[in-house]
Amino acid sequence: MHRDEGQASVEFLAMLPLLGVLALGIWQAAVAGHAIWSASAAARAASRAAAAGADAERAAERVAGRRARLRDAGNGAVRVTVPIPAVTGGRDLTTFTTTARFEPQR
């Protein structure tokens, strides 16, 4: 005679590591999406500020934080780079860079 008592508990425990990795992957995707959104919004804000003659670097930092890096891409365009941090701690996974351009206002 076969006893099945406790089999569901054992199968659930075997799935826990997979569920944990899946949760970390979803969390990492959300963090990366936020960094990409922040970089794009910061580039737009910095390009508008530069076109109006204001401090573009300060505008980018207000949107994306102090870790955002701003470079002048020439011809009224700015390039913003934002790091994508790892959810497990340690160093950043990578960076995301985007460019925005706004016609200078007269």
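The values are calculated or read from the model by the stated rules, or taken from the named source; none is laboratory data. All figures in this text were calculated on a predicted structure; none of them were measured in a lab. Note that each Cβ is placed from the backbone with ideal geometry, even for glycine, and that neighbours are counted across all protein chains shown. Only protein heavy atoms, including side chains, enter the accessible area calculation; ligands, DNA and RNA are left aside. Shrake-Rupley method; radii C 1.70, N 1.55, O 1.52, S 1.80 Å.
Tell me whether the range 57-64 contains one or more residues that are open to solvent by less than 30 Å² (accessible area, probe 1.4 Å), assigned to a helix (DSSP H, G or I) and without any contact (Cβ under 8 Å) to a residue 24 or more places away in the chain.
yes
Which one of these is closer than 17 Å to R101 by Cα, modelled with pLDDT of 95 or more and of a type in the set (G, A, S): A41, A56?
A41
Out of curiosity, is L18 part of a helix (DSSP H, G or I) and farther than 16 Å from I84 by Cα?
Criteria met by L18.
For R48, indicate whether it is in contact with a helix residue (DSSP H, G or I) (Cβ under 8 Å, 6 or more places away or on another chain) and either under 30 Å from P104 (Cβ atoms) or of a type outside the set (S, T, N, Q) (or both).
Yes.
Confirm whether E57 is in contact with a Leu (Cβ under 9 Å, 6 or more places away or on another chain) and acidic (D, E).
The answer is yes for E57.
Go through the range 49-88 and count every residue that is within 27 Å of Q28 (Cβ to Cβ) and touching a strand residue (DSSP E or B) at 6+ places or on another chain (Cβ under 7 Å).
So the answer is 15.
Within 23 Å of T94 (Cα to Cα), open to solvent by 80 Å² or more (accessible area, probe 1.4 Å) and not aromatic (F, W, Y) - does that describe any residue in the range 37-51?
Scanning the range 37-51 turns up at least one residue that is within 23 Å of T94 (Cα to Cα), open to solvent by 80 Å² or more (accessible area, probe 1.4 Å) and not aromatic (F, W, Y).
Would you mention how many residues in the range 19-43 are within 8 Å of the chain's Cα centre (by Cα) and not aromatic (F, W, Y)?
9
Looking only at residues in the range 65-94 that are part of a strand (DSSP E or B), open to solvent by less than 80 Å² (accessible area, probe 1.4 Å) and without any contact (Cβ under 8 Å) to a residue 40 or more places away in the chain, which one is farthest from W37 (Cα to Cα)?
My answer is G74.
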